[in-house]
Structure formats: C-alpha cells, structure tokens
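Here, each number is a calculation from the coordinates, and none is a lab measurement. Everything quoted here is computed from the prediction, not taken from an experiment. All Cβ positions, glycine included, derive from the backbone under ideal geometry; neighbour counts span all protein chains shown.
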Amino acid sequence: MREWKKVKLKEVLTEITERNKEEKVKNVLSVTNSQGFISQEEYFEGTVHSQDISNYKIIRKNQFAYNPSRVNVGSIDILKTYDEGALSPMYVVFKADDKRLLPEYFKYYFQTHRFEENVRNNTQGSVRNSLSFKMLSEFEYILPSIEEQEEIVKILEKVDLITNKYKILLKEKNQFIKSQFVEMFKECKKTKLSDIANIVMGQSPNSNSYNDNEDGIPFFQGKADYGDKYTIVRHWTNSPSKLATKGDVLMSVRAPVGPVNISSCNCCIGRGLCSISAKNGITNNEYLYNALNTMQDKITSMGSGSTFKAITKNEVYNIEVPIGTIELQNKFAEFVKQIDKQKLKIEKIIENYENLKKGLMQQLLTGKVKING
C-alpha cells in the first residue's frame, strides 16, 4: 500500500486561460450550484450572454470551472455533458494533472466539508468574498496513488448511479402528476387566474423598513427563498403592504420563472415573488398550487428579458387555469396526495444514499480507510 502524499493543489492543477478569439465555440455555458454546467441558451430559453463572446474562456471536457464569488455555495463543477464550451471571463477554468490526480476523483473534493472550510477560511474579507485560482492553488490536499483513486471513484460512482436512478424515478412521478392533470381537466373551461384568485405582486422594501434582527415579519426575495425551506433575507420592522398569509401560494416571477410553493408562515414578499390565494369559492389554494405546479413549464416559457427572465403583473393575471367542479378538483388533490406519499418514500431513499455517500467520502477521501492499489 502506497503512502498518501500531502501536496498543495498548485502541484497538480493548472489554470486555463484560452480565449474564444475567433468565436468558434458557440455553446455558452454557466456553472450553477444545483445542476452544474448548463447551456445558457437551453436553460434560459434564449440568449442572455454578450453578443461578442470572443473574450470568453474556452473549457473542454474533464476540465473544471467555478464562479469565484459563488464557489462558496457550490458553483463549481467538472465538464462532462459537453465536449467544449465558452464561459464568461469571470469564471476560473483549470485542469488536473491526470497522471497524478484523476479529474473524476478530484470532483468529489468539492462535495466535502474540508473544501467548504478551506473556501470559507480563504474568502472571508476578500473582494466580494471571491476565491482566486491563486488562493485555490494554496489549498493542501492529501493525494493517494492513481490506483487508489480509481478504486475510490468506482465505489462513489456506484452510489451516485443508484441515487440518480431514484432521482429519475422521482421526476417520473412528477411527470405523472402533470399528465394526469392534463387528462382530468382537458375538457374543462380555462379561467384567468385573476378571476379566481387574489394576486399580490411583491416589491423590494425601502432599506429603512427592515433590519437583521428577528423582530418583525420575515421578508423573502424570491427564487428558493420561500416555501418550507425559508432563507430569511431580512425582517420588516414596520407593517408592510406586500403581505402573504400562511397557506398562500407563492410563485417566482423573476429568474427562475414559475416555481411555486405554499407559504408556511405569514411573510412579506420581494419583487421576485407574487402571492396567490383563492377567491369566490370556485377553488382553493391547494388546487391552485397543484395546477400552477403542473403548468410550470408553460409559465416558465412566458418569461422574457435580456439579462434574466421575468413575467409581468398582467402576464400573471392572464395565466389561464382549467377549472373543473369542486368534486373533480378534490379527486385530483387526493390523487396528488397518494403520489406524494410515494415521492416521500423515494426522497427518503435518496437522502439515505446521499448520507451514505457523505460517510464514504469522509472515510475514503481522507485516508481514514485505505484501499489497496
């Protein structure tokens, strides 16, 4: 068994600064913390990058890239989906010396507490809390032999493979709900959302209206900052007008457009959100949530804008929702509840495998448990 060596990453990583001078690479990519590399054109359904991409950096398969000011939230990945791509000049692109460090092995490093700790310790107080490649290069890293790296990758990729199968199954359950919604309500009359719901468009508060204390009403700006997984941005110190009540449907209206959730508490909402509550006894919030959730792809496609996608107040008001009888709505709600029970079981399995992977990484990537190479 070979001894693991402690190295600095600059010994095994090289920064890539190749530019797209002749604009031969047309596929402009971004690195997200949830999906890794994405094609901007596919993800944003249109062009959101500069027309001139000659100064963009070129990245090739098995190379890495990260957003220096967002690496702390996981915006770092290895390129696997595409052979090459163009990245905004703000990104850091680098490659690993595959004779000493397998790219497939190194990608797991970004998912460890050790990496998060290193990033946190090296970005505090820096410009915009960003991590330069020079900073990254100084990280200390315990390096096993190539043979051991290969064996560790096999183990972790088996867990990833199983986890991904359950994630695909979860997506299929969501798609099944959408297909049933279309089937059950295809003959029903469509009604403008504003005719069946009270809609409140959020707005950003005056800076004097909130503070960082826990007094007051939670304020949520948008994106993932709502629903059951709250990220409290600020608290209002006085009574704001843009309120959402516990049980209201919250919908994201700005980048990304369409995701919905049920508000689990009274809150006020920023301009990235709108709150929707049923009126006139025609329907209820649960049905509105289910309907809008199944219509998310269509609502997302309504978004427009050059920098980021958004939908206007009028567009929200004019979203057409099929409305059946209360009995049919209740039947669909019961169907969704049954599928949700199945989804919870799948989500628990995914969580268990993700926890297994974390435990394995803690043992295998630190050398606590070694594999003969």
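If you look at the Cα atoms of segment 134-205, you get an Rg and a Dmax of 25.0, 66 Å.
In this structure, the residue pairs whose Cα-Cα separation is over 28 Å, taken from LYS134/LYS158; LYS107/LYS337; LYS26/LYS178; LYS165/LYS358, are LYS134/LYS158; LYS107/LYS337; LYS26/LYS178. When its C-alpha radius of gyration is set against 2.2 N^0.38 Å (N residues), the chain gives a value of 1.14. Approximating the spin labels as points 7 Å out from Cα along Cα→Cβ, the SER194-to-GLU320 distance works out to 1.6 nm.
On the beta carbon distance between LYS345 and LYS246, with R0 = 30 Å, the FRET formula returns roughly 0.65. Computed over segment 5-143, the convex hull of the alpha-carbon atoms projects to a mean area of 8.3 nm². Separation of segment 56-79 and segment 339-373, taken as the distance between their Cα centroids, equals 24 angstrom. Charged side chains reduced to their Cβ positions (Lys and Arg at +1, Asp and Glu at -1) give the chain a dipole of some 140 debye around its Cα centre. Packing, taken as the mean count of other beta carbons within 10 Å per residue, orders the peptides 70-78, 339-347 from highest to lowest as 70-78, 339-347.
In this structure, GLU3 and ASN55 have a Cβ-Cβ separation that, at R0 = 51 Å, corresponds to a calculated FRET efficiency of about 0.70. Measuring between alpha carbons in the structure, the pairs from LYS5/LYS80; LYS5/LYS167; LYS10/LYS57; LYS95/LYS341 lying more than 32 angstrom apart are LYS5/LYS167; LYS95/LYS341. Shown for the chain are the DSSP H helices of 18 Å or more along their axis, judged by Cα atoms, with a mean Kyte-Doolittle hydropathy of at least -1.0: 146-185, 326-364.
Length gained on full extension, ALA255 to ASN284, computed as 0.36 nm times the residue gap minus the Cα-Cα distance: 7.8 nm.
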